[in-house]
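Step one of this worksheet: look at the structure below.
The values are calculated or read from the model by the stated rules, or taken from the named source; none is laboratory data. Please read these numbers as outputs of a predicted model, since none were measured by experiment. Note: ideal-geometry Cβ built from the backbone for every residue, glycine included; neighbour counts use all protein chains shown.
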Amino acid sequence: MNINIAQESGFCFGVRRAIRLLKEAAEIHGNLETIGAAVHNHQVVESLSQLGISAVESLDSVQCSTVAIPAHGLDRRVIEKIKKRHIRIVDATCPKVRKAQLSAEQLAKDGFWVIVFGDTYHPEVQGVLGWAGGNGIATLDSEIILNIGNLPNRAGILSQTTRNPAQFANFVNEITSSVLSHVVELRIVNTICNATKRRQDAALELARKVDMMLVIGGHHSANTNNLAELCAATGVETHHIETVSEMRQEWLGNKHIGLTAGASTPDEVTKEVIAYLKENG
């Protein structure tokens, strides 16, 4: 059995930064709470909880005097409510997500209806729409946009930071080719994280060389799910696992195995999978 790891794999800059800020804040201020998971990985959330950093579902559940904004950001209106309650804020929003938020805010200020290419119910996407004042829509399906009657005559399109660039380009093309007769002005902002593209490119390059790909990361992690979908699309056998407990002996054999991991997957989890492969391969 041969094992290779994609060149771009595991924690991204935004996740490392968020974890560092949260740990530093816990050392200074004691226990704190994040509104929503700090990052989309159960193992990381559990590790942070042991340091007094817990996740709550909403502002109404906050009990600590310090609140952290998770890496995927928050709706601006929620942040304003936190400030009004005079709660200390630790802002761990990923800088790339912040760019998307500010882009959405500027589009709305300039009179554009905002279209976000992304998972409608993902916290990052909901937050970005919030920065647009709710003046927009989020979807991965261009048909939903095309079927809207009385489209606003000015529209801006941006993307969830972890989406695939080629899919975003296709989404933009489909909308552009159909709405120009209705829309007077169309503005497009590329808000996809460069690290996401590099990670996807590295995974695809490896997927084309191996017999099986293992994609390691949270099942509710958007960027990890995207990696699994991209690898599977090459035709290679692909398995998306969150931890080593999901590994199956029947997957193994005399294979060339490739590994990649999502942006919020700890190195320890990947090492455990590698150890399993070496022991059972």
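Does Asn173 count as in a loop (DSSP other than H, G, I, E, B), free of Cβ contacts under 8 Å to residues at least 12 places away in the same chain, under 26 Å from Trp113 (Cβ atoms) and out of contact with any Asp or Glu (no Cβ under 7 Å at 6 or more places or on another chain)?
So Asn173 does not fit the description; no.
Out of region 35-73, which residues are in contact with a Pro (Cβ under 8 Å, 6 or more places away or on another chain) and either within 22 Å of Leu102 (Cβ to Cβ) or crowded, with 19+ Cβ neighbours inside 10 Å (or both)?
Matches in region 35-73: Ile35, Gly36, Ala37, Ala38, Val39, Asn41, Val44, Pro70, His72, Gly73.
Check region 112-120 and report whether any residue there is in the same structural domain as Ile175 (by TED's automatic domain parsing), closer than 20 Å to Ile35 by Cα and assigned to a loop (DSSP other than H, G, I, E, B).
yes
Could you run through region 214-251 and say how many residues are more than 20 Å from Ala195 (Cα to Cα) and in contact (Cβ under 8 Å) with a residue 60 or more places away in the chain?
So the answer is 2.
Would you please list the contacts, defined by Cβ atoms under 7 Å and residues six or more apart or on different chains, that run from a residue in region 134-159 that is modelled with pLDDT under 95 to a residue that is of a type in the set (D, E, K, R) and assigned to a helix (DSSP H, G or I)?
Final answer for the pair search is Ser142/Glu174.
Are any of the residues in region 210-217 assigned to a loop (DSSP other than H, G, I, E, B) and buried (at least 19 other Cβ atoms within 10 Å of the Cβ)?
Yes, that holds for at least one residue.
Within 29 Å of Leu51 (Cα to Cα) and of a type outside the set (A, V, I, L, M): is that true of Lys83 in this structure?
So Lys83 passes the test.
What do you reckon, is Ala166 hydrophobic (A, V, I, L, M, F, W, C), more than 23 Å from the chain's Cα centre (by Cα) and over 17 Å from Gly14 (Cβ atoms)?
So Ala166 fails the test.
Identify, by number, the condition in (1) at pLDDT 95 or above; (2) crowded, with 17+ Cβ neighbours inside 10 Å that Glu237 doesn't meet.
The single condition Glu237 does not satisfy is (2).
Just a yes or no: is a residue in region 88-104 out of contact with any Leu (no Cβ under 6 Å at 6 or more places or on another chain), farther than 27 Å from Ser159 by Cβ and not in a helix (DSSP H, G or I)?
Scanning region 88-104, I find at least one residue that is out of contact with any Leu (no Cβ under 6 Å at 6 or more places or on another chain), farther than 27 Å from Ser159 by Cβ and not in a helix (DSSP H, G or I), so the answer is yes.
Got at least one residue in region 37-50 being assigned to a helix (DSSP H, G or I), over 24 Å from Glu272 (Cα atoms) and touching a residue at least 12 places away in the same chain (Cβ under 8 Å)?
So far as region 37-50 goes, no, none of its residues is assigned to a helix (DSSP H, G or I), over 24 Å from Glu272 (Cα atoms) and touching a residue at least 12 places away in the same chain (Cβ under 8 Å).
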